[in-house]
Amino acid sequence: MERSNVERRDAVSTFTSSFTNPDSGRPGVALVSISRLRSLCETVAPRYAGRAKFFSVREGYGAAVTALQAYVEAGSVDVVLAAGSNGAYLRDHLNVPVVMVKVNGFDVLGAITRATTTWPNAQIGLVLHETISHELSDLSAWLKVSLKQRAYRSIDEVRLAVDNLAAEGCGVIIGPGMACDFAQQAGLASVFLYSLGAVEEAFERSVELARVSRQKESKRVRLNTIVAHLRDGVAAFDEAGQVEAVNPAMLDLLGLDRERDVAGQVERAVGPLLRETLEHDMPIEERIEQIGGRALIVNCLPIVEQGVRSGSVVTLQDALVAQRIDRSLRTSQRPKHLVARHRLDDLIGNSAALERVRRLARAGAAHDATVLLSGESGTGKELVAQGIHNASSRRGNPFVAFNCAALPEGLIESELFGHEEGAFTGARRGGKPGLFEIAHTGTIFLDEIGEMPAALQSRLLRVLQEREVMKLGSGRATPVDVRVIAATHRDLHALVEQGAFRADLYFRLNLLQIELPPLRERREDVPQLARHLLSRSALQYGLSEVAIERVLAFLAPLFAHYAWPGNVRELENLLTRAAIYPGGEAGLDWQAVFPEFGRMEQRPAGGASGAGGPSGANGSSGSHATAQTTPARVSPTREDVLHALEKAGGNRAAASRALGIGRTTLWRLMKDPSSE
């Protein structure tokens with residue numbers, strides 16, 4: 001009949017207050033002794049009262065296990081100290097460490113010395129746990145001792161050993177407390193085998209082990225408490241695939257019944273994952289699995305201790321929750337350079353051509369269809385792309401811009417699609433997400449799409465068709481939700497006919513096409529646009545309203561007659577120059593500062609002359625600008641670029657400013673004469 005908890009507690013006594021403190025922070029050590037060992041333990045225990053709390057158990061074997069079980073389960077006892085067969089039994093039946101009082105050679109020799117001194121002519125019997133000492137047998141003759149040995153593994157074997165030794169004429173028994181007790185019952189003399197030093201050494205080991213066990217248990221409880229509050233499901237398994245720990249979230253995600261065999265249900269649900277990792281010796285990471293009718297993100301990783309696999313840990317995450325978190329992170333932690341700053345209202349001007357752009361852009365923004373923006377360099381294609389993004393339902397999500405002509409082919413592929421760690425020499429440690437992944441749920445703007453290398457056009461086409469990207473060095477595709485806006489200054493249809501651009505990619509891009517007019521085709525917008533750009537820079541350059549009017553008046557001839565090969569970008573650069581050198585300032589060679597005045601178009605026959613501007617080397621005004629102008633070109637030639645670079649000492653930025661074009665256009669004209 002099972003003993004009650006009260007009976008169990010009665011069998012376990014806590015040492016007196018002189019060396020016991022109820023401080024629960026100290027580890028607990030149970031001292032199990034059913035004979036003479038108890039007095040030695042009670043003698044040593046007070047010395048360790050500051051390091052541990054001690055419990056004395058006056059029963060052995062099964063009775064001791066029963067008495068201790070409640071205290072072990074409650075966490076009061078961290079280590080058990082015992083000896084001989086009693087200790088071996090407890091080690092097999094308790095789930096806490098058991099420290100054995102060990103008998104060494106000095107203890108045995110000391111006991112033999114005491115026996116021979118007290119009973120000089122008596123035959124001695126030695127009772128040892130588990131094995132006899134053959135070395136001691138060899139020394140018997142040298143020690144001039146008549147010594148017989150017996151080994152025991154249980155209490156019954158102790159009594160039998162003593163009876164046998166008595167029958168063989170032994171008058172003195174050396175052994176553990178039980179052997180001494182049986183010897184006295186048989187009328188024999190006895191010597192207790194265990195020494196005070198052996199007990200002290202066992203106390204030292206048990207107290208230190210209890211301290212370490214208490215620390216480990218504290219960490220385990222803390223970890224379990226943390227894991228129990230995770231929304232992700234976590235389950236730990238031993239090497240045989242048996243559940244060691246599982247948190248409530250795992251049960252909820254798997255839809256398991258908590259009233260039934262929880263461990264068995266978990267093992268059946270995720271058993272196939274464990275077997276797969278063992279068979280292929282490969283972890284499972286971030287795999288989407290349908291389990292119990294739910295889409296779950298699964299990870300199954302090995303637990304490796306000291307280089308040896310000792311089990312596995314499985315984590316589950318609700319895919320829908322992961323998607324919500326992903327959207328939240330992308331929105332709240334998006335870098336500032338991934339934000340679209342401009343809106344369609346930032347398109348300055350009232351011309352019919354510009355109004356048509358606004359109308360088409362607003363219509364395109366209402367849908368997720370791919371948009372192709374065409375137009376000369378500097379016409380504001382990225383501004384329109386940002387405006388479409390901010391007018392769409394994707395506003396607030398990432399806006400990622402990439403110039404397809406700015407990088408070599410190898411780098412373009414890595415930038416757009418990303419790479420895994422070790423995919424190529426110099427690959428970033430840990431890998432890198434591509435711009436398509438970064439733009440997830442938002443918009444990616446691919447500028448100069450006509451310059452994309454042919455080898456990458458097929459990869460881009462696949463992304464547009466399948467809506468998934470594959471990193472360099474990866475064998476797994478990643479789904480992306482991205483709206484694509486492409487832009488080009490080139491005639492893609494002509495490139496398709498020349499075989500320089502894939503026809504299927506062109507038709508995929510050319511769904512909603514918006515052509516941006518060059519500045520010369522909407523001249524009526526130039527004064528308003530110039531005033532807006534100059535007012536925006538007024539604070540930076542310290543321009544008053546009077547100075548702004550003077551600059552605008554000074555540049556008036558260009559507004560009506562200049563071809564604007566660099567379009568809005570050239571206008572902005574020229575206004576910046578005019579703000580730095582305000583019109584009318586004496587002592588400057590205005591023809592050198594503003595060479596655009598020398599490249600203005602001829603006025604149509606019968607037209608009124610333009611407003612006066614600086615002319616000649618002395619910079620005097622008042623003469624008609626058309627009197628000394630030559631027909632202007634719409635765009636600089638390659639020879640113009642080379643000449644400008646020569647004058648600028650090879651400085652591309654300076655050459656671009658002098659020609660009124662962007663550096664991308666400058667680079668393109670240098671590379672490809674056919675782009676002139």
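Output ³J(HN,Hα) for the range 386-395: one whole-Hz value per residue in order, computed from phi by the Karplus curve 6.51 cos²θ - 1.76 cosθ + 1.60 with θ = phi - 60°, and x for Gly and Pro.
Running phi through 6.51 cos²θ - 1.76 cosθ + 1.60 with θ = phi - 60° gives 5, x, 5, 4, 6, 8, 9, 6, 8, 4 Hz.
Rank by packing, highest mean first: peptides 298-310, 496-508, with packing defined as the count of other Cβ atoms within 10 Å averaged across residues.
Ranked from most to least packed, the peptides come out as 496-508, 298-310.
What residues have an amide H closer than 5 Å to that of E515, excluding those fewer than 5 places away on the same chain, when H is modeled at 1.01 Å from N in the peptide plane?
Amide H neighbours of E515, under 5 Å, 5+ apart: S374.
What is the extension gain from L301 to R260, computed as 0.36 nm multiplied by their sequence separation minus the C-alpha to C-alpha distance, in nm to one decimal?
12.1 nm is the gain from fully extending L301 to R260.
As an exercise, use a Förster radius of 30 Å and the Cβ-Cβ distance of A538 and N651 to find the FRET efficiency, rounded to the nearest 0.05.
Rounded to the nearest 0.05, the efficiency is 0.60.
Show me, for the range 653-667, the HN-Hα J-couplings you get by feeding each phi into the Karplus relation (A = 6.51, B = -1.76, C = 1.60, θ = phi - 60°), rounded to Hz, glycine and proline as x.
4, 5, 5, 4, 5, 5, 8, x, 10, x, 5, 5, 5, 4, 5
Sequence-distant or interchain residues sharing an amide H contact under 5 Å with A245, placed H: which?
Answer set, sorted by chain and number: A236.
Subtract the Cα-Cα distance of R47 and H229 from 0.36 nm times their separation in residues, and report this length gain in nm to one decimal.
Result for the pair: 61.3 nm of gain on full extension.
So if R0 is 51 Å, what FRET efficiency would D368 and A236 give, r being the distance between their Cβ atoms, rounded to the nearest 0.05?
In this case the efficiency is close to 0.70.
What spacing in nm lies between the two simple spin-label points modelled at R638 and H493, each 7 Å away from Cα in the Cβ direction?
2.7 nm
Could you tell me the largest-minus-smallest coordinate of the C-alpha atoms of the range 78-117 on each of the three principal axes, in descending order and whole angstroms?
Reported extents, whole Å, longest axis first: 43, 15, 11.
Would you please classify the overall shape of the range 230-324 from the alpha carbon gyration tensor, given that a ≥ b ≥ c denote the square roots of the eigenvalues, rounded means a/c under 1.5, and beyond that prolate means a/b larger than b/c while oblate covers the rest?
Oblate, since a/c reaches 1.5 and b/c is not below a/b.
Please report the net charge: other residues with Cβ closer than 13 Å to the Cβ of A269, K and R +1, D and E -1. Walk me through the numbers before you get to the answer.
On the way: positive: R260, R268, R275, R294; negative: D252, D257, D261, E267, E289.
Taking every Cβ under 13 Å from that of A269, the sum is -1.
Calculate one ³J(HN,Hα) per residue across the range 287-295 by plugging θ = phi - 60° into the Karplus curve 6.51 cos²θ - 1.76 cosθ + 1.60, and present them in order as whole Hz with x for glycine and proline.
Values per residue, Gly and Pro as x: 9, 8, 10, 8, 10, x, x, 10, 7 Hz.
At a 10 angstrom cut-off on C-beta neighbours, averaged per residue, how do the peptides 233-242, 260-269 rank from highest to lowest?
Those peptides, ordered most packed to least, come out 233-242, 260-269.
Amide H to amide H, which residues 5 or more places from V480 or on other chains are under 5 Å from it, using H placed in the peptide plane?
Excluding prolines and chain starts, which carry no amide H, the hits are E468, V469.
Round to the nearest 0.05 the FRET efficiency obtained for A503 and T478 when R0 = 25 Å and r is the Cβ-Cβ distance.
0.35
Only the coordinates and a few stated rules stand behind these numbers; no lab work does. Predicted model only: the values in this text are computed from it and were never measured. Neighbour counts run over all protein chains shown; Cβ positions are idealised from the backbone, glycine included.
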